[in-house]
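Each value in this text was obtained by applying a stated rule to the coordinates, not by laboratory testing. These numbers come from a predicted model, not from an experiment. Ideal geometry is used to build each Cβ from the backbone, glycine not excepted, and the neighbour counts take in all protein chains shown.
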Amino acid sequence: MLDFTEYTKIFISLFAILDPIGIIPIIILFTAEMTASRRARVGRLASLTVCAILLVALLIGQPLLAFFGISINSFRVAGGILLLLMAIKMLLGNFYQSARNAEEGAESEVVSENAIVPLSTPLLAGPGSISAVIVEAHKVYGLEHYLIMGVEIILLSMTVWLTFLVAPWVAQRLGKIGINVFTRLMGLILAAIAVEFIASGMRGLFPSLG
């Protein structure tokens with residue numbers, strides 16, 4: 001078991017990697033067309049998904065990846081491709097239209113998709129946070145260590161839920177025109193993040209790329 005200072009550092013580092021505050025603009029974009037009740041469901045599902053993914057990474061992350069022969073770098077490339085597809089939709093301006101078309105046929109499925117992909121993963125519980133949890137989990141072996149790490153993950157998931165509560169307040173001050181402009185801007189930024197994900201993963205998979 002580590003001392004209190006070390007666990008504080010772990011919490012702060014994981015919070016910085018998840019960056020729930022920095023993802024508020026993207027939450028606004030993905031939930032702008034939703035009612036308050038649906039947005040609340042997405043927020044709950046997203047926070048629970050983040051919690052579940054990181055707890056799995058804490059308990060069986062390394063053996064699970066080894067079993068399937070998957071590396072963190074492969075995660076980065078796959079997550080980057082997924083984000084890039086979302087970014088292209090946002091840049092073309094048909095992101096909300098496609099969401100509304102799907103919503104007419106299967107509302108609950110759309111809520112789940114928005115909450116899990118890409119909000120929960122790979123944006124929040126992505127390769128960075130998963131790999132960080134796996135590394136921190138193996139610093140010390142012991143029940144107390146895993147319990148404290150689990151509590152920290154639960155607290156981080158609660159910050160994700162709080163972020164969804166704050167997002168509508170921010171959206172009200174942007175207005176529809178602001179959100180439409182923001183969609184294109186965030187699409188471009190999301191595309192850049194996706195490229196960084198892919199480039200980082202490719203460098204890890206092929207060290208010769210530098």
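Model label points for Met202 and Val56, set 7 angstrom from Cα along the Cα-to-Cβ axis, are 2.8 nm apart. Region 1-55: which trypsin sites (Lys or Arg not before Pro) are DSSP loop and have at most 15 other beta-carbon atoms within 10 angstrom? Sparse-neighbourhood loop trypsin sites (Lys or Arg not before Pro): none present.
One decimal place: the segment Leu188-Lys139 gains 13.9 nm when fully extended, by the rule 0.36 nm per residue minus the C-alpha distance. Counted residue by residue at 0.36 nm each, then reduced by the alpha carbon distance between them, the extension gain from Asn180 to Val117 reaches 20.6 nm. Using a simple spin-label model with pseudo-atoms 7 Å out from Cα toward Cβ, Leu64 and Glu33 lie 3.2 nm apart. Short to long, the 10 Å bins of the Cα pair-distance histogram for region 110-183 hold 16, 34, 30, 14, 6, 0 percent of all pairs. Per-residue Karplus couplings for region 20-36, computed as 6.51 cos²θ - 1.76 cosθ + 1.60 with θ equal to phi - 60°, are listed in order as x, 6, x, 8, 3, x, 6, 4, 4, 5, 7, 10, 4, 8, 9, 6, 4 Hz, Gly and Pro entered as x.
For the pair Leu165 and Leu85, a Förster radius of 30 Å applied to the C-beta separation gives a FRET efficiency near 0.60, rounded to the nearest 0.05. In this simple spin-label approximation, Thr8 and Leu92 carry label points 7 Å from Cα along the Cα→Cβ vector, and these lie 5.0 nm apart.
Of the trypsin sites (Lys or Arg not before Pro) found in region 130-210, the ones in coil according to DSSP and having at most 13 other Cβ atoms within 10 Å of their Cβ are Lys139.
Where the alpha-carbon atoms of region 132-171 are placed on the principal axes, they occupy 44, 17, 7 Å, in descending order. Dividing the helix sum by the residues of the chain, where each DSSP H run of 4 or more adds -39500 (n - 2.57), gives a mean residue ellipticity at 222 nm of -28000 deg cm²/dmol. Peptides 156-168, 118-130 ranked from most to least packed give 118-130, 156-168, packing being the mean of other C-beta atoms within 10 angstrom over each peptide's residues.
With all pairs of different C-alpha atoms in the average, the Kirkwood value for the hydrodynamic radius of region 1-100 is 16.5 Å. If you take the charge dipole of the chain about its Cα centre, with +1 on Lys and Arg Cβ and -1 on Asp and Glu Cβ, which of Ala137, Ile26, Ser47 is farthest toward its positive end? Result: Ile26. Evaluated with a Cβ-only charge set (Lys, Arg +1; Asp, Glu -1), region 4-204 carries a dipole of roughly 400 debye about its Cα centre, given to the nearest 20.
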